[in-house]
Amino acid sequence: MKRRTLMKVAAALVAGTMLTGGAMAQEVIRIGASAPKTGPLAGGSAVTYWPAIALWVSDVNGRGGIDVGGKKMMVELIEYDDRTSNEEAIKNIQRLATVDKVDFIIPPYGTGINLATAPLIAKYGYPHIAVTAVTDGVDEFAARWPNSFWTLGTSSAFAVSLAELLKGMREGGLINDKVAVVNVADAFGIELANAGKPALAEAGFDIVYESSYPLTQQDFAPIIQAAKAASPDSFVAFSYPGDTFGLTKEAAIADLPVKAYYVGVATAFPAFAGANGPAAEGVLGAGGVNANSDKIKDFITRHNEVTGQAPDYWASPVQYASLEVLEQAITRAGSLDKQAVIDQIHNGTFDTIMGEWTFDGNVIRKFWTVGQWQGGVFNGVASTGVGGEVTPVAKSGWK
Amino acid sequence: MSAVTGNEWRIAILGALALGAAALIPLADDGYYLSLSVNIALYVVLCTAWTLFSGPTHYISLATAAFFGIGTYTVGLGIDALPFALLVAIAAVMAGLVAGLVGIATLRLTGVYFVIFTLGLAELVRQVVTWLQTNFTTSVGLYVFTDFTETHILWMLLALAAVIYVTGWLINRSRLGFAMRIIGNDETVARHVGIDVARAKVILFMISGAFIGVTGAIMAPRFAYVEPPSAFNPLISFQVVIMALLGGTSRLWAPLLGVIPFTILFDQVSAHFPNHTSLVMGIAFMAIVYLLPRGVVGLARELLRPKAGKRLVAAEEATAP
Amino acid sequence: MDILVTGTVLGGTYALIALGLTLQYGVARIMNLANGENLVLACFSAFWLLSTFAINPVAGILLIAPAAFLLNWLIYRLAMRPLVERAKDRGQLEVDSILATFGLMFIFQGVMLLAFGGGYFTYNFLSEPVTIFGANYGLNRLVALGAAALIAVCLWLFLYFTRYGTAIRAVAVDPASASLVAIDVPRASAFAFALGGALTAAAGALLSTFYTFDASMGVIFTMKALIIVIMGGVGDVRGAVLAALMLGIAETAVAVLVDPGLTLAATYTLFIIVLLFRPQGMFGRKPA
């Protein structure tokens, strides 16, 4: 029961004959995706990964398909659940490459699984346009796997950019120099904390409270209370989705008197604003988009229409943009030859909903780093040179 | 103690042939079916190592993930400094030592207390590792980049399986095996005839733990990126117990009958129902539990009994490891 | 002081999670690995009742708990009873029930994924702060603590001061002897299993007011509950409550005084220590 997201019956029939070994010329592009539908990371991929892909497939097929050498080819999507397990993910990629023999693969969700599957994707020569993998190793990985492309940024850039933003707010008289820093003891949280603490110290901040907590932490009252006792003006948490929600609820209850409040992954989720109501106003978080851009506005509207849910304000549009890159590279290559497509990605400039994208050493160097909820929208307030940042405001209470 | 019987030779030759055939899989396919074979081999090794201890003692250990993770981490930490073979040996020693410590502390516990304790152990080791890494290193992830391909990993797992089977057979012939059989039947009797029950159990637990540690070490290159949630994944512990119990634990080869069909079944489910994996798997699982009350071994014996009569079963009983 | 209050509030939450399982495992002898899924299902139900019918979660318990009672009674009658009947001894039943409830866990998860999708859910209810000794606590947590106390006391009164409760305790001690003194063991077991399920569901409804939940997270609750049940002594309500409070306070103390990164380590260390000194749990009896 592979889900065939085909818009036209005719194309489905063609695909059918092709599957049964018909000697007809290929009429559809088969694209495989493997990511969590269950397991610890399923909550994130259900917001960011699957809907963005569904929207792209629907958009492409709505246009009549991808132009390949003058011929329009529809996209057929094959989905697998990796149950948030490396072993499953490896097996799924193998299955996509050698059993389903797909033309392209949309890389998995999450840093660890992207890295675990990278050698395989490289072995079969697919372009690997990773989105939901934020790590400082991007240059090393790009050198190791020349077919891999990294789009969402590096952890140190996220941390350093935040430190600079806070410094700016301090110089603007919005906050003082006391900051509390906590992080989740997992890959992204630790990399951010390790880059962020020195950056904050260098920017002249005094870290009055710091600690880490485990991935499965459910209860955040002690952390918020300890932070409150240290009376900082800024609270920074390099957190994961569950803890982002938990910390913020607890901060609202404790009425944490900070003027800058930052939480990590999932601050950009629409559910964050929904769950926290007015308390979300002024919250800083990882990610951000140029919410004033018409393309992003259009993306949000269509995302709601097609998938029935809102995108997040960080990785959803990037996920979509990565697929736009794939589409444009295929069209420019004029064939489904994987190496030709990789060459196009290496050298081209792509027009995406995130703006103009050029891969510099396989990495997108201009990306959003910090966003802030302002009037129900998560605006980008800091980036590594994207443009369109809005001015951050001080947080004024939790009501 | 006794000479190797003809029957044992036959089993050894059959086993060697089967392993040899499995080792040829990469020649036939180096893609998806190889990956599937590696997964099957992984669980065969884990379940068999688990049965080595849990079969005779009837203790259900959920510490598999702890030993597995220790092995994986040994390789992750040392891969840049030491040769792989040495790391595998260190992994065996480390996992064995932890098993020994835990065994001394906990094998007095029985039944469900031991189950939960071992589950807690895996979580405890995971958190301590995470905490140490968070506070004393710069990242939780470790990169393991080697030149091993899946073919190499499959071969290493198969070799390990052979070692485990031979070890199991040797244990069975030794004084330890004899002691374990008595303990398994009745612990009080065993104590009265002067068997050091605790010591026997601890040794067996250490052997089993060491093998699981080695498995973790072998799998590390396949992960490429080692982090606590994947290395100490509690699901590994559960899957091992469940597959082994489904196969049966009365014989060392019995888990094989659980692992092979169920890995393939689960794989088919996840391939054909990507959006309903959990639901279909749950239903399939419950059906299996009700339809195969004594595991696959029970079913196999029921099927064999009327045909081959008592002779075969008796022979099987006599040679069973 | 902060530590004690925060720890007690957290302990109350843990007690809620564990009380249902202690009945299911202690009396009905089913080590229910799907316990956490049962709880998360109740979280979703509370969310659904609130968002669709604007029924507040505390009132929602009046609907959710009886529904869970019925569901769990059916599960016991249809799925668990055959296992109990075919099991030759307690070990066999333990193995079978682990396997069967493992499957059940997946079914629960699958149903929740189908109905609600895989995303995160959270909503606001009674999240205004209450000040105790100068520190703020969420009202929803205090409500949960109060409910935990109420449920525990009712359960204790029921088990120790009613005829039927005494019968259930007799089944917990020894099903074979209980049937000799004219106790309908199958009926008492089914009742205990269903009641346990209803308690777990009530806990889920309360927890959903302050936890963020998704369809895949039941296993976290199951593990916590198992640890508490074992620490307290299987089937003993007093033990479960005491163990839950101990864990809550210990975790909070470690988080505040040492490092929040070591709370789980504290949990398991405490667990190991208790079991080393009292292998049968704090209130447990030595196995015969």
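Values in this text are rule-based calculations from the coordinates and carry no lab data. In this text the structure is predicted, and so the values were computed from the model without any measurement. Cβ coordinates were reconstructed from backbone atoms using ideal geometry, including for glycine residues, and neighbour counts include every protein chain displayed.
What do you get for the angle between helix A:155-171 and the principal long axis of chain A? Use alpha-carbon atoms, 0 to 90 degrees, nearest ten.
On a 0 to 90 degree scale, this one is about 40.
Please list, in order along the range C:220-225, the HN-Hα scalar couplings obtained from phi with the Karplus expression 6.51 cos²θ - 1.76 cosθ + 1.60 (θ = phi - 60°), rounded to whole Hz, x for Gly and Pro.
Running phi through 6.51 cos²θ - 1.76 cosθ + 1.60 with θ = phi - 60° gives 4, 5, 4, 5, 4, 4 Hz.
Using Stokes-Einstein with the Kirkwood hydrodynamic radius over Cα pairs, what translational diffusion coefficient do you get for the range C:58-190 at 4 °C and a viscosity of 1.567 mPa s, in µm²/s rounded to a whole number? Walk me through the numbers on the way to the answer.
On the way: Rh = 18.6 Å.
Rounded to a whole number, D works out at 70 µm²/s.
For the protein assembly as shown, place one equal point scatterer on every Cα, skip the solvent, and apply the Debye formula. What is log10 of I(q)/I(0) at q = 0.07, 0.08, 0.10 Å⁻¹?
Debye intensities relative to I(0), on a log10 scale: -0.61, -0.80, -1.27.
Can you tell me the relative contact order of chain A? Whole percent, Cα pairs under 8 Å, sequence separation 6 or more.
Values: 818 pairs, mean separation 67.3, N = 399.
Contact order relative to length: 17 percent.
For the range C:230-245 and the range C:122-149, write down the distance between their C-alpha centroids in whole Å.
If you average the Cα positions of each part, the centres end up 24 Å apart.
Give me the distance in nm between label points sitting 7 Å out from Cα along the Cα-to-Cβ direction at B:Leu235 and B:Phe178, one decimal.
Taking the two extended label points, one gets 4.6 nm.
Among C:29-37, B:148-156, B:8-16, what's the highest-first ranking by average C-beta atoms within 10 angstrom per residue? Working shown, then result.
On the way: C:29-37: 28.0, B:148-156: 19.0, B:8-16: 12.9.
Descending mean neighbour count gives C:29-37, B:148-156, B:8-16.
Let me check against my output: what whole-number percent is the relative contact order of the range C:215-262, with C-alpha pairs under 8 Å and at least 6 apart? Numbers along the way, then the final one.
Numbers: 22 pairs, mean separation 9.3, N = 48.
In percent, rounded to a whole number, it is 19.
Just to check, using Stokes-Einstein with a Kirkwood Rh over alpha carbon pairs, what's the diffusion coefficient of the range A:159-277 at 20 °C and 1.002 mPa s in µm²/s? Intermediate values should be presented prior to the final figure.
On the way: Rh = 14.1 Å.
Taking Rh from Cα pairs, D becomes 152 µm²/s.
For chain C, what's the relative contact order in percent, using C-alpha pairs closer than 8 Å and at least 6 residues apart? Could the numbers behind the result be given before it?
On the way: 453 pairs, mean separation 111.8, N = 288.
Result for chain C is 39 percent.
Place the peptides A:263-273, B:182-192, C:246-256 in order of packing, highest mean first, counting for every residue the other Cβ atoms within 10 Å and averaging per peptide. Present the calculation step by step, with values, prior to reporting the outcome.
Numbers: A:263-273: 25.5, B:182-192: 13.8, C:246-256: 22.7.
Taking the mean over residues of other Cβ atoms within 10 Å, the ranking is A:263-273, C:246-256, B:182-192.
Using modelled amide H (1.01 Å from N, peptide plane; none on Pro or chain starts), what sits under 5 Å from the amide H of A:Ile78, excluding residues fewer than 5 places away?
Sorted by chain and number, the residues that satisfy this are A:Ile31, A:Gly32, A:Ala33.
How many nm separate the modelled label positions at B:Thr146 and A:Glu210, each set 7 Å beyond the Cα in the direction of the Cβ?
3.5
Can you compute 3J(HN,Hα) from phi for each residue in the range B:224-233, using the Karplus curve 6.51 cos²θ - 1.76 cosθ + 1.60 with θ = phi - 60°, rounded to whole Hz and x for Gly and Pro?
Coupling constants for the range B:224-233: 6, 10, 9, 9, x, x, 8, 6, 9, 5 Hz.
Eigenvalues of the Cα gyration tensor times 5, then square-rooted: what semi-axes does that give for chain A, in whole angstrom, largest first? Present the calculation step by step, with values, prior to reporting the outcome.
On the way: eigenvalues 312, 77, 76 Å².
Taking √(5λ) for each eigenvalue gives 39, 20, 19 Å, largest first.
Just the number, please: percent antiparallel of the DSSP beta bridges in the range A:219-374, rounded to the nearest 5. Please report the intermediate quantities before stating the final value.
Numbers: 8 of 14 bridges.
Just about 55 percent of them are antiparallel.
Other chains near A:183-195: what is the mean number of their Cβ atoms within 10 Å of each residue's Cβ? Don't skip to the end; give the middle numbers.
On the way: counts 2, 4, 12, 7, 7, 2, 2, 10, 4, 0, 2, 4, 1.
If you average over the peptide's residues, the count of other-chain Cβ atoms is 4.
Obtain the nm distance between the two label points defined at A:Lys101 and A:Ala394 by a simple spin-label model: each point lies 7 Å from its Cα along the Cα-to-C-beta direction.
For the pair A:Lys101/A:Ala394, the computed spacing is 6.6 nm.
Could you pull the Cα extents of the range A:236-290 along its three principal axes, largest to smallest, in whole Å?
29, 21, 21
Ignoring solvent entirely, what values of log10 I(q)/I(0) come out of the Debye formula for the range B:143-232 at 0.18, 0.19, 0.25 Å⁻¹ when each Cα is a single scatterer?
Relative scattering, expressed as log10 I(q)/I(0), comes to -0.83, -0.88, -1.20.
Compute for chain C: radius of gyration divided by Kirkwood radius, i.e. Rg/Rh, restricted to C-alpha atoms, rounded to two decimals.
Working: Rg = 18.5 Å, Rh = 19.2 Å.
That ratio equals 0.96.
May I have the extent of the alpha carbons of the range B:61-207 along their three principal axes, as whole Å values ordered from largest to smallest?
Its Cα atoms span 54, 34, 21 Å along the three principal axes.
Calculate how steeply helix C:35-53 sits against the longest principal axis of the alpha-carbon atoms of chain C, using the helix alpha-carbon long axis, and give the answer as 0 to 90 degrees to the nearest 10.
Taking Cα atoms only, the helix is inclined about 50 degrees.
Just to compare against my own numbers: the Cα pair-distance distribution for the range C:1-140, 10 Å bins, whole % per bin, please.
10, 32, 31, 19, 7, 1
Whole-Hz Karplus ³J(HN,Hα) for the range A:371-387, in order, using 6.51 cos²θ - 1.76 cosθ + 1.60 and θ = phi - 60°, x for Gly and Pro?
x, 9, 6, 9, x, x, 10, 8, 7, x, 10, 8, 7, 9, x, 6, x
Give me log10 I(q)/I(0) at q = 0.18 Å⁻¹ for the range B:189-276, Debye formula, one equal scatterer per alpha-carbon, no solvent.
-1.06
Please report the antiparallel percentage of the DSSP beta bridges confined to the protein assembly as shown, to the nearest 5. Don't jump to the answer; show the numbers that get you there.
Values: 24 of 58 bridges.
Here the antiparallel bridges make up roughly 40 percent for the protein assembly as shown.
Going by C-beta contacts inside 10 Å, put C:Arg278, B:Arg181 in order with the fewest on the left. Let's see the in-between values first.
Numbers: C:Arg278 15, B:Arg181 12.
Listed from fewest to most nearby Cβ atoms, that is B:Arg181, C:Arg278.
Ranked highest first by the average count of other Cβ atoms within 10 Å around their residues, in what order do A:50-60, A:311-321 fall?
On the way: A:50-60: 22.1, A:311-321: 26.6.
Averaged packing, sorted descending, gives the order A:311-321, A:50-60.
For A:His128, A:His303, what's the fewest-to-most ordering of other Cβ within 10 Å of each Cβ?
A:His303, A:His128
Just list whichever of A:Lys399/C:Lys224; A:Lys228/A:Lys259; A:Lys167/A:Lys259; A:Lys295/A:Lys366; A:Lys259/A:Lys297 have alpha carbons separated by over 24 Å in the model shown. Please list the in-between numbers first.
Working: A:Lys399/C:Lys224 34 Å; A:Lys228/A:Lys259 12 Å; A:Lys167/A:Lys259 13 Å; A:Lys295/A:Lys366 17 Å; A:Lys259/A:Lys297 29 Å.
Beyond 24 Å: A:Lys399/C:Lys224; A:Lys259/A:Lys297.
Taking the alpha-carbon centroid of each part, what is the distance from the range B:164-178 to the range B:29-56 in angstrom?
One Cα centre to the other: 20 Å.
Starting from the coordinates of the alpha-carbon atoms of the range A:135-209, obtain the Kirkwood hydrodynamic radius over all distinct pairs and give the value in Å to one decimal. Mind dumping the intermediate values first?
Working: mean 1/r = 0.0740 Å⁻¹.
Kirkwood radius, the range A:135-209: 13.5 Å.
If you take the Cα atoms of the range C:138-270, find Rg, then find the Kirkwood Rh from the mean of 1/r over all pairs, what is Rg/Rh? Each step should come with its number before you reach the end.
Details: Rg = 17.0 Å, Rh = 16.7 Å.
With Rh from the inverse mean 1/r over Cα pairs, Rg/Rh is 1.02.
Rounded to the nearest 20 Debye, what is the dipole magnitude of chain A about its Cα centre when Lys and Arg each give +1 and Asp and Glu each give -1 at the C-beta? Present the calculation step by step, with values, prior to reporting the outcome.
Working: 31 positive and 40 negative charges, 168 e Å.
For chain A, the charge dipole is close to 800 debye.
Using only Cα atoms, tell me the angle between helix C:90-116 and the longest principal axis of chain C; keep it within 0 to 90° and round to the nearest 10.
On a 0 to 90 degree scale, this one is about 40.
Work out the mean other chain Cβ neighbour count within 10 Å for the residues of A:32-38 and drop it here as an integer. Don't skip to the end; give the middle numbers.
Values: counts 0, 1, 1, 0, 2, 11, 12.
Shielding by partners across A:32-38 averages 4.
Which cross-chain or sequence-distant (5 or more) residues have an amide H under 5 Å from the amide H of A:Phe149, H modelled 1.01 Å from N in plane?
Here the answer is A:His128, A:Ile129, A:Ala130, since their amide H atoms fall under 5 Å of that of A:Phe149.
Across peptide A:219-232, how many C-beta atoms of other chains are within 10 Å of each residue C-beta, on average?
Numbers: counts 15, 2, 15, 14, 3, 1, 9, 5, 0, 2, 3, 0, 0, 0.
Mean partner-chain Cβ count within 10 Å for A:219-232: 5.
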